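Beneath this line is the structure, given in structure tokens, with notes to follow.
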Amino acid sequence: MTISAKPISGFKEFLPEEQMLFNRMMDVIRRHYELFGFAPLETAAVERNDVLLAKADEENRKVMYGLHILNSANPALVENVKNYSLHFDQTVPLARYVAQNYGKLHFPFRRYQIQKVWRGERPQGGRFREFYQCDIDVIGDESLGLLHDAEMPAVIYGIFSELGIGKFIIRLGNRKIHNGLLEDLGIPLHYNVKRSIAPGPDWDGEIVEDTKNTLTLIDKMYKDGIEETRRAFHDDVGIPEERIDELLSFLSHKDDVHATLKWLAAQNRNDMFALGVSELTEVIDHMQALGIPSNCYGIDFGITRGLDYYTGTVYETTLVNHEAVGSVCSGGRFDDLASTFIDRKLPGVGISIGLTRLFDALQRSGAICTGAHCPTKAVIFNMTPSLRHEYFAMATALRAAGIPTEVYLEDKNINKQTKYAVNKQIPFGIFMDEKRQNRGVCTVRNYSNGDEAEVSLTQLKHHLHQL
């Protein structure tokens, strides 16, 4: 019986030319993270459920991939594995890791992490069940200054500028502003929604209440639209129309950064609101000192980052010509993420780039194009099988000089060999038969323009380096 080779939906696989481009983007991200002094870290793909659930919001609780063992002879192991799941992000595992290694780390602790995460949600355009996240976070011990919040957009600016994928905007907000605004308007931070438990053999018509975060409604405002957001605040949260009007008017405010900061400073609401305005003003002041162009960022009250653990600065980055893609880099400040695991205050701030989602969106939009199908820069053709050892020696010398090189190993005619190079978009082909060897030369063909040059064997690596 032939088993279907169709891949699982939501688990992205690339062709070699796609994987090479994906890896180059990952290399750009990694290099910029290290330019800012972030150290690499990798945590286990599997965590205990109690660790993941400690800070998981309602949505992430629904999409966790649990583990189980098939046909095990050890019942205790089968039962134990039920308590494990694949991590759905890297922030909660980071909190566990920092708590576990608190006495061994130097604070502020700066780490980057580029790993796959898993979420059991319905695959659709731009959403996957398995995908790469590229995270950086700074964790402080007891305190962490706002300079770190300002540094995050500097990292984002450097990465997206080098990726060359078009104009982007880093949108900033502050959760204290939102919390203070909701308090001033008399809108609760959390609300309850009643639902029926799904019918089953013992169903008795029980109704339960789910607690939801009001900030999530704000964070979904652009996706759901103003009218749906208005309906949710009225019907689900139970807010009077006049309060909703004032809230939506505030959230929809648009102006340049300095005018918006001046507008915020003139409002007299409460201490929480004022603290958020002060923090946002300080962060933007530091961003200017870090050299981030003013046309690359703005203040947006429509972003809150719905996760409960964010407490201050929040970020979302969008591509100007690809708004439908949504946020391609997000994050923010969290002041109490690790308290579940350790009796210490370990505030932090970080960002995450969903690289698989970003790559897929850019590819579908035509913003990026693949190139060569392999990393080979030069292929040595097998013109004379008796010279194979000489071909191997040439390839070894070129590889030692840092030039990715293949020797064509099959005994096929030269037309099929050159077709192989063209199809894989290998830039250079090297021809050497007995006559050329006796003269100490080879012929190098440049497939990008069709040029050929006779090159001394002793100068071959220098010739290729110059092209």
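Computed from the coordinates by the stated procedures, all read-outs in this text should not be read as laboratory data. Keep in mind that this is a model prediction, so the values were computed, not measured. Quick reminder, even Gly has a Cβ in these numbers, built from the backbone with ideal geometry, and neighbours come from all protein chains shown.
Out of F334, F381, I need the residue that is in contact with a Ser or Thr (Cβ under 9 Å, 6 or more places away or on another chain), farther than 22 Å from R305 by Cα and surrounded by 21 or more Cβ atoms within 10 Å (Cβ to Cβ). Which one?
Numbers: F334 fails: farther than 22 Å from R305 by Cα.
When all the criteria are applied, what remains is F381.
On the stretch given as the stretch 241-274, residues that are charged (D, E, K, R), farther than 23 Å from R230 by Cβ and part of a helix (DSSP H, G or I) total 2.
Inside the stretch 119-132, can you point out the residues that are surrounded by fewer than 20 Cβ atoms within 10 Å (Cβ to Cβ) and assigned to a strand (DSSP E or B)?
Of the residues in the stretch 119-132, the ones surrounded by fewer than 20 Cβ atoms within 10 Å (Cβ to Cβ) are 120-127, 129-130.
Residues satisfying the conditions are Q124, R127, E130.
When we screen E42, E59, E47 for residues that are in contact with a helix residue (DSSP H, G or I) (Cβ under 8 Å, 6 or more places away or on another chain) and among the acidic types (D, E), the only hit is E47.
Only one of V51, V46 is aliphatic (A, V, I, L, M) and touching a Lys or Arg at 6+ places or on another chain (Cβ under 7 Å); which? Show your work before the answer.
Values: V46 fails: touching a Lys or Arg at 6+ places or on another chain (Cβ under 7 Å).
Answer to the selection: V51.
Can you pull out the helices (runs of 4 or more DSSP H) entirely within the stretch 1-113 that have at least 3 residues that are farther than 30 Å from E151 by Cβ?
16-35, 49-55, 58-63, 75-81
When the residues of the stretch 213-238 are filtered to those that are touching a Pro at 6+ places or on another chain (Cβ under 9 Å) and either of a type in the set (V, I, T) or surrounded by 15 or more Cβ atoms within 10 Å (Cβ to Cβ) (or both), the one that is nearest to N192 (Cα to Cα) is V237. Applying a threshold of 7 Å to beta carbon distances and a minimum spacing of six or more residues, or different chains, the list of pairs starting in the stretch 260-286 at a residue that is closer than 10 Å to K176 by Cα and ending at one that is of a type in the set (V, I, T) and part of a helix (DSSP H, G or I) reads F273/I177; G276/I177; V277/I177; L280/I177.
Looking at V314, is it within 25 Å of T281 (Cβ to Cβ) and not in a loop (DSSP other than H, G, I, E, B)? Taking the combined requirement at face value, the residue satisfies it.
The set of residues in the stretch 133-157 that are touching a His at 6+ places or on another chain (Cβ under 6 Å) and either without any contact (Cβ under 8 Å) to a residue 12 or more places away in the chain or surrounded by fewer than 19 Cβ atoms within 10 Å (Cβ to Cβ) (or both) contains only L147.
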